[in-house]
Amino acid sequence: MHPNQQTIEDFYSAFARLDFVAMAACYAQDAAFDDEVFSLRGKSEVAGMWRMLCEATRAHGADVWKLTYRDVQADDTAGRAHWDAHYRFSATGRLVDNSIDARFEFDATGRILRHSDRFNFWHWSRQALGPPAVLLGWTPMLRHKVQAGAAANLRKFLAGAPA
């Protein structure tokens, strides 16, 4: 197995255990993360997001939490994987099944430099947010509202206040 493939395996294995410390160890100092909700720069922001999400899941949804991953591939510079998460969205208490395609770029030491997750935002929002998202989940307005709320929660969390 290529060492960068092992990094991805280690990352998702840690995520399945909600072990944000082990997840953070997989990232380079100047890491970047982007998905449909977050756009983060620097290991402290990226690791902080995973810590916030892991702690929220432990506090409000450990009873239903499940992560599976597959199709992990990597070479000297890039990798990819598919992962599925079943969890309780802490803001609403609603259950979510999300299917995500991940892309990775690695630095020379084998740490994750760039991590990009892609999923269907409308599908996610209908599950996580309920009826309002059925009508508005496809709109930029709702996406921006979710992004702004997530960014504010992360800023509060990183500052030491409750998210």
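Against the criterion of being among the β-branched types (Val, Ile, Thr) and outside any helix (DSSP H, G or I), VAL21 does not qualify.
Condition first: within 16 Å of the chain's Cα centre (by Cα), among the hydrophobic types (A, V, I, L, M, F, W, C), over 30 Å from MET1 (Cα atoms) and not in a loop (DSSP other than H, G, I, E, B). Can you find one or more residues in segment 106-116 that meet it? No, that holds for no residue.
Of all residues in segment 8-17 being out of contact with any Phe, Trp or Tyr (no Cβ under 7 Å at 6 or more places or on another chain) and in contact (Cβ under 8 Å) with a residue 40 or more places away in the chain, which is farthest from GLU105 (Cα to Cα)?
Among those residues, the one meeting the criterion is ALA16.
Listed by first and then second residue, the pairs linking a residue in segment 111-128 that is within 13 Å of ALA91 (Cα to Cα) to a residue that is among the aliphatic types (A, V, I, L, M) and in a loop (DSSP other than H, G, I, E, B), with Cβ atoms under 9 Å apart and 6 or more places separating them unless they lie on different chains, are ALA128/ALA91. Put simply, of LEU67, LEU40 the only residue that is of a type outside the set (Ser, Thr, Tyr) and within 19 Å of GLY160 (Cβ to Cβ) is LEU40. Among the residues of segment 24-36, is any buried (at least 16 other Cβ atoms within 10 Å of the Cβ), without any contact (Cβ under 8 Å) to a residue 60 or more places away in the chain and under 18 Å from LEU158 (Cβ atoms)? There is at least one residue in segment 24-36 that is buried (at least 16 other Cβ atoms within 10 Å of the Cβ), without any contact (Cβ under 8 Å) to a residue 60 or more places away in the chain and under 18 Å from LEU158 (Cβ atoms). I'd like the full set of residues that are among the aromatic types (Phe, Trp, Tyr) and more than 14 Å from ARG114 (Cβ to Cβ), limited to segment 37-87. Listed by number, the residues that qualify are TRP50, TRP65, TYR69, TRP83, TYR87.
Are any of the residues in segment 58-72 surrounded by 12 or more Cβ atoms within 10 Å (Cβ to Cβ), assigned to a helix (DSSP H, G or I) and touching an Asp or Glu at 6+ places or on another chain (Cβ under 9 Å)? There is no residue in segment 58-72 that is surrounded by 12 or more Cβ atoms within 10 Å (Cβ to Cβ), assigned to a helix (DSSP H, G or I) and touching an Asp or Glu at 6+ places or on another chain (Cβ under 9 Å). Filtering segment 73-105 down to residues that are assigned to a strand (DSSP E or B) and of a type in the set (Gly, Ala, Ser), which residue is nearest to ALA59 (Cα to Cα)? Across segment 73-105, the extreme among qualifying residues is ALA85.
Just to be sure I understand, how many residues within segment 44-76 are closer than 17 Å to ASP10 by Cα and either modelled with pLDDT under 95 or in contact with a strand residue (DSSP E or B) (Cβ under 8 Å, 6 or more places away or on another chain) (or both)?
12
The values are calculated or read from the model by the stated rules, or taken from the named source; none is laboratory data. Note that the coordinates shown come from a computational prediction; the quantities given were computed from them, not determined experimentally. Cβ atoms come from the backbone with ideal geometry, glycine included; neighbour counts cover every protein chain shown.
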